[in-house]
Amino acid sequence: MPLSGLSGQQTRVEGVDIQFKGQANNLEGTEMSDVIKILSIDGGGIRGLIPAVVLAEIEKRTGKPVSELFDLIAGTSTGGILALGLTKPGPDGRAEYPAERLIQLYKDKGPRIFSSSIWHKIRSAGGLADERYPAKGIEEVLEEYFGDARLKDSVTEVLVTGYEIERGSPWFFRRRSARTKPGYDFDMKQVARATSAAPTYFEPIRIEAEGRAEYYAVVDGGVYANNPAMCAYVDALASFPEAGDFLVLSLGTGTRQSPILYHDAKDWGLAGWAKPILGVVFDGVSDTVEYQLGQLLPEKNGVQRYYRFQTKVSKENSALDNADQDNLRALVLIAEQLVEEHTADIDRLCAQLG
């Protein structure tokens, strides 16, 4: 569902007027049951293994599935796949996949998602003349994990980002909209495919639509919201107007610690920038949102309201599509180190999540 008509203090999202009236930021006297808890997961391709490991640790410490700890789960790209995986209903109506199972998705299916025949590599010229990977691999994996599950059946409120390229509009796939507007209810596997259609890596998805729209052409939401935490926070303000306050957990997928040097970049043209530009956009957007939410949700009365768990990855581990076993092992070790470094913060968060 598109986002349009932004103007001043009042905006219009999916045909619903939202008036921002100055959210109260004082937690004094607020019960934790009145606090809306939000999980946001960044995009980052195979590096989604990092937040998956963090979430498995949170489930271990709380003894509860992620879907029962949060009121809203948002994700972009690989984070969108995680958000959908964590909220997919099982036969008993509860979430089917624990975070530990989604770790295995990356380990077992990553090589299949990021696979390409010799002929396709030649034809695509490494992603310059065509998408780097055919869609068959990722679509088969998503079919295996999501089957016929629908967005409206998510066990928790979910928000997954995409970008509709023909209309030039940000696109939010949301359970709440899917339940009230049948035209906005899609197969989970379609939503997962749409949010992860990173330009140059996978071709856009064409989602058939009812009525005059005919179809939607969607690519990875990371082009505008690689860190969807701000989108999730604003959506929660509109969705939960009676909330006492908000608690946000934002999980990154690692940011590169190797810089782009001036003397290398100063003479780059289209070919030179084609590969690194996505990383620049993704990291820049993510860092900006991190700053914004840090300002909007400062600690109040000794209670932390915003957590951001992010780490750095080396150039060797920073690729979105490196699914070989050595890199997968390295990403798990990076995630485990992140957990160790923030273990006190995770304990504090788990206590707040209940």
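The values are calculated or read from the model by the stated rules, or taken from the named source; none is laboratory data. Note that the structure is predicted; figures quoted are calculated from it, not measured. Because the Cβ atoms are built from the backbone with ideal geometry, glycine has one as well, and the counts that use them run over all protein chains shown. With ligands, DNA and RNA removed, areas are computed over all heavy atoms of the protein, side chains included. Shrake-Rupley method; radii C 1.70, N 1.55, O 1.52, S 1.80 Å.
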Long-range HN-HN contacts of S250 with modeled amide H, under 5 Å: S40, Y307, R308, F309
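Counting other Cβ atoms within 10 Å, keep those with at most 13, restrict to DSSP loop, and tell me which chymotrypsin sites (Phe, Trp or Tyr not before Pro) in the stretch 150-227 are left.
Details: sites: Y163, W171, F172, F173, Y184, F186, Y201, F202, Y215, Y216, Y224; in loops: F186, Y201, F202.
Sites meeting the loop and neighbour criteria: none at all.
If you keep only loop residues by DSSP, which trypsin sites (Lys or Arg not before Pro) in the stretch 247-354 have at most 15 other Cβ atoms within 10 Å of their Cβ?
On the way: sites: R256, K266, K300, R305, R308, K312, K315, R329, R348; in loops: K266, R305.
In loop regions of the stretch 247-354 (DSSP not H, G, I, E or B), the sparsely surrounded trypsin sites (Lys or Arg not before Pro) are K266.
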Solvent-accessible heavy-atom area per residue, rounded to whole Å², over the chain at 1.4 Å: 45
Unit Cα scatterers, Debye sum, the stretch 230-354: log10 I(q)/I(0) for q = 0.16 Å⁻¹: -0.96
Residue-wise HN-Hα coupling along the stretch 337-342, computed from phi with Karplus coefficients 6.51, -1.76, 1.60 (Hz; x: Gly, Pro): 5, 4, 4, 4, 5, 10
Ordering of 232-243, 188-199, 70-81 by packing [mean C-beta count within 10 Å, highest first]: 70-81, 188-199, 232-243
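Could you tell me what a quarter of the Cα convex hull surface of the chain works out to, in nm² with one decimal place? Provide the component values of the computation, followed by the final result.
Values: hull surface 74.1 nm².
Projected area, direction-averaged: 18.5 nm².
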For the stretch 137-259, radius of gyration divided by Kirkwood radius, i.e. Rg to Rh on alpha-carbons: 0.98
Accessible surface of the chain, 1.4 Å probe, proportion on carbon and sulfur as whole %: 51
